[in-house]
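Report on one structure; see the data block that follows.
Readers should treat all values here as calculations from the given coordinates under stated rules, not as data from a laboratory. Note that the structure is predicted; figures quoted are calculated from it, not measured. Here the Cβ positions follow ideal geometry from the backbone for every residue, glycine too, while neighbour counts run over all protein chains shown.
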Amino acid sequence: TDEIMQQEIRPLVAVDIIEQLHRQFAILSGGRGKDGAPIITFPEFAGFSDIPDEDFLNVVTYLTSIPSLEAASIGFIIIIDRRRDKWSAVKASLTRIAGAFPGNLQLVFVLRPSRFIQRAIADIGIKLYRDDFKMKVPIIMLNSVSDLHGYIDKSQLTRELGGTLEYGHSQWIHHRTAIENFAMTVKTTAQMLQTFGTDLAETELPNDVQCTEELLSAHTDHHSKLKDELKLAVKQGATLLTCIREPVTRSANCKLSSDELENVATVERLLAQLDETEKAFDQFWTKHHLKLEQCLQLRHFEHDFREVLHLFILSILPLLQQGLQRWIDFIMHVILTSNFGFFFSLTSQEPLEKAQSLALHGEQLIQNNHYAVDSIRPKCVELRRICDDFTNETKKKYDILGKSLELHEQLDKASQWCEAGIYLLASQAVDKCQSQEGAETALVEIEKFLVTAKEHQLSNPKEFYNQFEMILTPEIQAKVQRILQKLEDVQEMFDKRQVSLKKLAAKQTRPVQPVAPHPESSPKRASPKITRP
């Protein structure tokens, strides 16, 4: 791009002097001398003396600027065709060329007037006025084009000069304007790419997702338009190259002139510069586009990070990390309201998975050589810490919830066992238990019921306290104490009932033994005494 921008800009282009060029008072046919010197021809032109000095100078300056520096350094060969003119025209042409020719001259050929008198005058005039022309190069007067062929090969001369070189002035002007338009297109395209590249380099990256997306979209659209401009420029150059090479394509025997070959080289060079410019631009765009995409990734990551942080720091972790009493109160509320859905949504794996996924995504960005590694890495560390805190706190709270549920289940079972025991005792009718069979039946019922004590009651208070000590708040302790007292009361009721029933059963089964009279007793038979237990 810099190479194209710093190229020397010619002061004149064909379109600036298009009318003067069309007058065809001077042409650059493309022919060369034996040493490669470019040939400029001044064809027969009736109004040559009337051409304004500025127009003459512009055209000659433009023609001498076209050949390569290497060819121009050899020196130009001038051919002045005045075969149908007078000596005065020859003199005027030599005087004007000598005074205004901007290039390095090597030779000047003059095809003198063909009429006898004018030729004689020309021979005398050139001898008399040679010094007046102030030319430091030889001026060779020629009588015919045949004499010219002795100096310049016919293949380097146009048909007007008896040569075989194909030259069309209108086509030459068309090619020149097309080449210069293409050169201007290359320059303009390079300037647009340079301006766009400067704008991209100076663009500050946005701090939010939406602005970053808008900037990425705008830059991508602009890049696409410039790529279209590049494609059009390449197509323009390729078409121009085809047009210049058309004679060779049409006929295998045709050869391009030296100027046409230089035109081909110029267009190829411009196409090469365009290709280099496009490659450099693509390379720069790839880096810039990657940076924009990474910026968008960063903004999404930061947005998600803030959401996760807000979810954990302001909602979940404060509740999980609050004091035991408040947490147990919350658990009691969950149990009493059966709102387990809220609890499990609070301690579900979804927030954890989101935080872990975001941390993994951040680590992938770091592995992909993201430009904001120093910003991403601390956030990944923070996410991992939050995940660990969440996991640890959730485990603790799950343990509390499990203990709480287990406690209340045992308390409920113990209470139900007490109620069932009271109901059993109440259902045993006193009159039925007076018989041996009734007492024994009642005892069996009680013994069977007491067997279930291990399954439905808190059999070991000390062990119970040790097991649930972490969640025994004063409120829960009071409730446990009431249940334990109730268990003791019911157990005492069963103990008393068992004692009573066993006595009844034993009373009914004891045999009655007769008492023998005592030898020292009175002969009178006494009635035996039976003591009731």
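Any chance you could run the full-extension gain for residue 204 through residue 357? It's 0.36 nm times the residue separation minus the Cα-Cα distance, nm to one decimal.
52.1 nm
Could you run the Karplus curve 6.51 cos²θ - 1.76 cosθ + 1.60 with θ = phi - 60° over region 293-310 and give me ³J(HN,Hα) per residue in whole Hz, x for Gly and Pro?
5, 5, 5, 5, 4, 5, 5, 5, 4, 5, 5, 5, 4, 5, 5, 4, 4, 5
If we sort 199-206, 375-382 on the protection proxy, mean other Cβ atoms within 10 Å, highest first, what's the order?
Those peptides, ordered most packed to least, come out 375-382, 199-206.
Please give the contour-minus-distance gain from residue 389 to residue 246: 0.36 nm per residue of separation, less the Cα-Cα distance, rounded to one decimal in nm.
43.6 nm
Name the residues whose placed amide hydrogens come within less than 5 Å of the amide hydrogen of residue 105, ignoring near sequence neighbours (fewer than 5 apart) on the same chain.
Result for residue 105 returns 76.
Each residue of region 202-215 in turn: what ³J(HN,Hα) in whole Hz from Karplus with 6.51, -1.76, 1.60 and θ = phi - 60°, glycine and Pro shown as x?
Karplus values, whole Hz, x for Gly and Pro: 8, 6, 7, 6, x, 10, 9, 5, 4, 5, 5, 5, 5, 5.
What list of ³J(HN,Hα) couplings, whole Hz, do you get for region 436-441 from phi and the Karplus terms 6.51, -1.76, 1.60, once you set θ to phi - 60° and write x for glycine and proline?
Result, ordered by residue: 4, 5, x, 5, 5, 4 Hz.
Can you give the net charge of the other residues whose Cβ lies under 11 Å from the Cβ of residue 230, counting K and R as +1 and D and E as -1? Working shown, then result.
Details: positive: 225, 227, 231, 235, 279; negative: 228, 229, 275, 278, 282.
Around residue 230, the surrounding residues sum to 0.
Please sort 306-312, 220-226, 294-300 by packing, taking for each peptide the average over its residues of neighbouring beta carbons within 10 angstrom, highest first.
The peptides rank, most packed first, as 294-300, 306-312, 220-226.
Measure off 7 Å from each Cα along the Cα-to-Cβ vector at residue 164 and residue 469, then give the distance between these two points in nanometres to one decimal.
That separation, rounded to one decimal, is 12.0 nm.
By average Cβ neighbour count within 10 Å, what is the ranking of 73-79, 26-32, 432-438 from highest down?
Taking the mean over residues of other Cβ atoms within 10 Å, the ranking is 26-32, 73-79, 432-438.
Please report the spacing between the Cα centers of region 51-68 and region 359-374 in Å, no decimals.
64
Grab the beta carbon distance between residue 479 and residue 396, set R0 = 30 Å, and tell me the FRET efficiency rounded to 0.05.
My answer for the efficiency is 0.85.
What's the extension gain from residue 502 to residue 381 if we count 0.36 nm per residue and subtract their Cα-Cα distance?
Answer, rounded to one decimal: 36.2 nm.
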